[in-house]
Each structure stands twice: as C-alpha cells, then as structure tokens.
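*Asks:* Here's a structure for you.
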Amino acid sequence: MALVQDDGKPDIFLTMMCNPKWPEILKELLLSQTTQDRPDLVARIFRAKLKDLKDQLFQKKILGTVKAYVYVIEFQKHGLPHAHFFMIMRPDDKMTNPDHYDKIVCAEIPDLAKYPEMHQLVVQHMMHGPCGHLRPSSPCMQGEPKIYRFRYPRQFNYKTSQAENSYPLYRREILEEM
C-alpha cells in the first residue's frame with residue numbers, strides 16, 4: 001500500500017511461470033526422474049531465469065523505465081514456482097493509449113506462416129480446451145447452465161480500446177484459419 005501511495009497505481013502486472021519442459025531442466029534429470037523429483041534443480045533454474053528477466057526489465061529497460069516495483073514468488077500445486085510483478089512506470093513510459101498497449105501486449109495467435117515457432121509455443125502453452133459444450137466439466141465452466149468464468153471467451157476486436165477505469169480490450173482479430 002505504501003508503494004501505491006508514494007508512486008501511484010501499478011501500470012503493468014506481469015507473471016513469469018516455470019516451465020517444467022525447459023531444456024535446462026530436462027537435460028539434468030536422470031532417466032526415471034521428473035521435475036517433482038528435483039525441486040532443487042527447478043528452483044535453481046527458475047531463479048537464474050528470474051534474474052535474467054529482472055535484468056531485462058530493470059537494467060535494459062525493455063518496457064521502459066520502471067519507477068517502482070514489487071514482486072512475489074509463489075509455488076503451484078506441483079511444486080513449480082512462478083513470480084508476479086507489479087510495476088509502476090516513469091511518467092514518460094506509462095501506457096496512456098491503445099497504441100502503447102499494442103507495443104507490448106499481443107492477444108492474438110501468431111501467424112503460422114510468418115512465425116511458426118511462436119505460433120507453436122502459444123498454441124502449446126497459452127491455450128486450453130476443449131471447454132464449453134465440448135466439455136462442460138472443464139474448470140473454466142461454472143453454474144447451471146454451464147457458462148464460462150472470467151469473462152471468457154473474450155470478444156474479437158479489430159483494434160485495442162481502453163474504457164475509463166477498466167481493463168483494455170485488446171486487438172484480437174478473427175482468424176480465417178488456424
């Protein structure tokens with residue numbers, strides 16, 4: 001609370017999650033081991049990658065100059081760490097219009113022809129399913145009749161827009177093919 005009183009409300013909420021399939025983890029596991037067998041290894045590699053992220057954010061200023069920040073590391077049910085950052089940007093680096101959001105946030109699936117590796121990573125790690133009528137017991141469904149939680153799926157938008165005192169509605173155009 002003191003941070004917000006002194007520096008204002010956070011501009012960026014960023015989450016970094018540990019991927020148990022990171023090559024640095026997999027190459028150190030013995031044949032019959034899983035990441036759950038090696039919390040020491042997972043924690044050490046996560047810490048190194050977290051340090052690199054902090055260097056990129058605060059030294060290299062890849063998102064602009066951060067005026068103030070706080071972060072916390074938590075552990076998921078399977079023992080995997082993740083970190084949540086709240087960042088308050090310097091006034092010149094605050095996101096004040098939809099064009100600024102589009103420079104650092106993309107809510108679209110990358111084009112398979114132009115960015116095949118990025119497309120594969122997004123589809124593999126950032127999408128879930130099936131849900132809806134295909135699987136009403138999915139954790140993202142609730143109530144009777146079963147409806148999506150957390151305002152999903154999000155609407156398609158041809159451009160990013162910002163309503164006053166609300167979350168941005170990110171550009172998410174309808175794809176002809178996936």
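*Asks:* Which of the trypsin sites (Lys or Arg not before Pro) found in the range 1-59 are loop residues per DSSP with 14 or fewer other Cβ atoms within 10 Å of their Cβ? Let's see the in-between values first.
*Replies:* On the way: sites: Lys21, Lys27, Arg44, Arg47, Lys49, Lys51, Lys54; in loops: Lys21, Lys27.
Passing both the DSSP loop test and the Cβ count: Lys21, Lys27.
*Asks:* What size of dipole, in debye to the nearest 20, comes out for the chain about its Cα centre when the only charges are +1 on Lys and Arg C-beta atoms and -1 on Asp and Glu C-beta atoms? If you can, show how the numbers build up before the last one.
*Replies:* Values: 25 positive and 22 negative charges, 59 e Å.
It comes to approximately 280 debye.
*Asks:* Find how much the distance from Tyr158 to Lys9 grows on full extension, using 0.36 nm per residue of separation minus their present alpha carbon separation; answer in nm with one decimal. Please list the in-between numbers first.
*Replies:* On the way: separation 149, 0.36 × 149 = 53.64 nm, distance 2.83 nm.
So the chain would gain 50.8 nm between Tyr158 and Lys9.
*Asks:* Here's something else I'd like to know. Taking a cut-off of 18 Å between Cα atoms, list the lysines near Lys49, but don't count ones fewer than 8 places away on the same chain.
*Replies:* Leaving aside lysines fewer than 8 places away in the same chain, those within reach of Lys49 are Lys21, Lys27, Lys60, Lys61.
*Asks:* Also, quick follow-up: Any chance you could run the full-extension gain for Val72 through Lys60? It's 0.36 nm times the residue separation minus the Cα-Cα distance, nm to one decimal.
*Replies:* Fully extending the segment from Val72 to Lys60 adds 2.2 nm.
All of the numbers you see were taken from the coordinates with simple rules; none came from a lab. Computed from a prediction, not measured in an experiment: that's the story for all the values here. In this analysis, Cβ positions are derived from the backbone assuming ideal geometry, glycine residues included, and neighbour counts consider all displayed protein chains.
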